[in-house]
Amino acid sequence: MLRNPEFRDRHEAGKRLARALAQFADARPVILGLPRGGVPVAYEVAMALGAELDVLFVRKIGAPGHEELGIGAVVDGANPQLVLNEDIVRQLGPTPEYIRSEMRKQLETIDERRRLYRGASRPVDLEGRTVIVVDDGIATGGTVRAALKGLRKNHPARLILAVPVAPADTVAQLAGECDEIVCLLSPSPFYAVGAHYADFAQTGDEEVIHLMREAAGMGEAGR
């Protein structure tokens, strides 16, 4: 952790991020938080913008016999998407049957996590909507890149990535995957996301469940 970290905690970072995103409030955006650490940040953005809040699950598909090596990912949503790393797929040549089987497994895991966090609620349909993807920070950007690629296939009207902190080179690499990136801090040198938070304690399932229920209640009260 830095001597004077930029953010007190994820909630404070979310409030500051919301101010930078205020221009999108009139677009009725959908805020998607990457669990688990991105959800407290996304919650504050959704509350400030009066927007819908949902979680966005991204699950890696590992290579046959080398599960730690990702050949792609499954991106959650009303229309779940498979995003493959075509270079690695060409090199390793996994069969279509293997990819389909692994996709089914990851979708089952996503479904379990979604039921835990969202109960019976279905993912928000993103077609034609302004979609803002929120995390508590980015280091290498692999998960976020897969998320943006998958979300783009759902044809949102506008796709925005919003994070409190990320290295400048990662932001530049992700620029082509979305319409706009809002990043409050791009330090150089970049050490780690948690170094920029005074409190970067792990976000637990209970907190995610609580925040999602609270956001859903606020949304129903506003309708």
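The values are calculated or read from the model by the stated rules, or taken from the named source; none is laboratory data. A quick note: this is a predicted structure, and the numbers were derived from the prediction, not measured. So basically every Cβ, Gly included, is an ideal-geometry build from the backbone, and we count neighbours across all protein chains shown.
Residues in segment 67-90: is at least one over 20 Å from VAL133 (Cβ atoms), part of a strand (DSSP E or B) and in contact with a Leu (Cβ under 9 Å, 6 or more places away or on another chain)? Yes - at least one qualifying residue is present in segment 67-90.
Evaluating PRO123 against the criteria (1) at pLDDT 95 or above; (2) within 26 Å of ALA25 (Cα to Cα); (3) touching a Pro at 6+ places or on another chain (Cβ under 9 Å) leaves one unmet condition, (1).
Looking only at segment 172-188, count every residue that is in contact with a Gly (Cβ under 8 Å, 6 or more places away or on another chain) and closer than 23 Å to ARG10 by Cβ and tell me the total. Please lay out each step first, then the result.
Of the residues in segment 172-188, the ones in contact with a Gly (Cβ under 8 Å, 6 or more places away or on another chain) are 173-174.
Imposing the further condition that a residue be closer than 23 Å to ARG10 by Cβ reduces the set to 174.
Residues that pass the stated criteria total 1.
Note on segment 1-42: residues that are of a type in the set (A, V, I, L, M, F, W, C), outside any strand (DSSP E or B), under 14 Å from GLY194 (Cα atoms) and at pLDDT 95 or above total 2.
Return yes when ARG114 is in the same structural domain as ASP76 (by TED's automatic domain parsing), touching a residue at least 12 places away in the same chain (Cβ under 8 Å) and surrounded by 17 or more Cβ atoms within 10 Å (Cβ to Cβ) and no when it is not. Working first, answer last.
Working: in the same structural domain as ASP76 (by TED's automatic domain parsing): yes; touching a residue at least 12 places away in the same chain (Cβ under 8 Å): yes; surrounded by 17 or more Cβ atoms within 10 Å (Cβ to Cβ): yes.
The answer is yes for ARG114.
The residues of segment 174-223 that are out of contact with any Pro (no Cβ under 7 Å at 6 or more places or on another chain), in a loop (DSSP other than H, G, I, E, B) and modelled with pLDDT under 95, listed by number, are PRO187, SER188, PRO189, TYR191, ALA192, ARG223.
Of the residues in segment 22-36, how many are within 16 Å of the chain's Cα centre (by Cα) and under 15 Å from LEU161 (Cβ atoms)? Give the steps one after another, and end with the answer.
From segment 22-36, those within 16 Å of the chain's Cα centre (by Cα) are 29-36; that's our starting set.
Subsequent filtering for residues that are under 15 Å from LEU161 (Cβ atoms) retains 29-34.
So the answer is 6.
Confirm whether LYS105 is outside any loop (DSSP other than H, G, I, E, B) and surrounded by fewer than 17 Cβ atoms within 10 Å (Cβ to Cβ). Yes.
If a residue must be farther than 18 Å from GLY142 by Cα, of a type in the set (Gly, Ala, Ser) and touching a residue at least 60 places away in the same chain (Cβ under 8 Å), how many such residues does segment 63-91 contain? Total satisfying the criteria: 2. Taken over segment 77-106, the criterion of being in contact with a Gly (Cβ under 8 Å, 6 or more places away or on another chain) and acidic (Asp, Glu) is satisfied by GLU102 alone. Listed by first and then second residue, the pairs with beta-carbon distance under 7 Å, at least 6 apart or on different chains, first residue in segment 168-190 and touching a residue at least 40 places away in the same chain (Cβ under 8 Å) and in the same structural domain as THR130 (by TED's automatic domain parsing), second surrounded by 13 or more Cβ atoms within 10 Å (Cβ to Cβ) and of a type in the set (D, E, K, R), are LEU184/ARG16; LEU185/GLU6.
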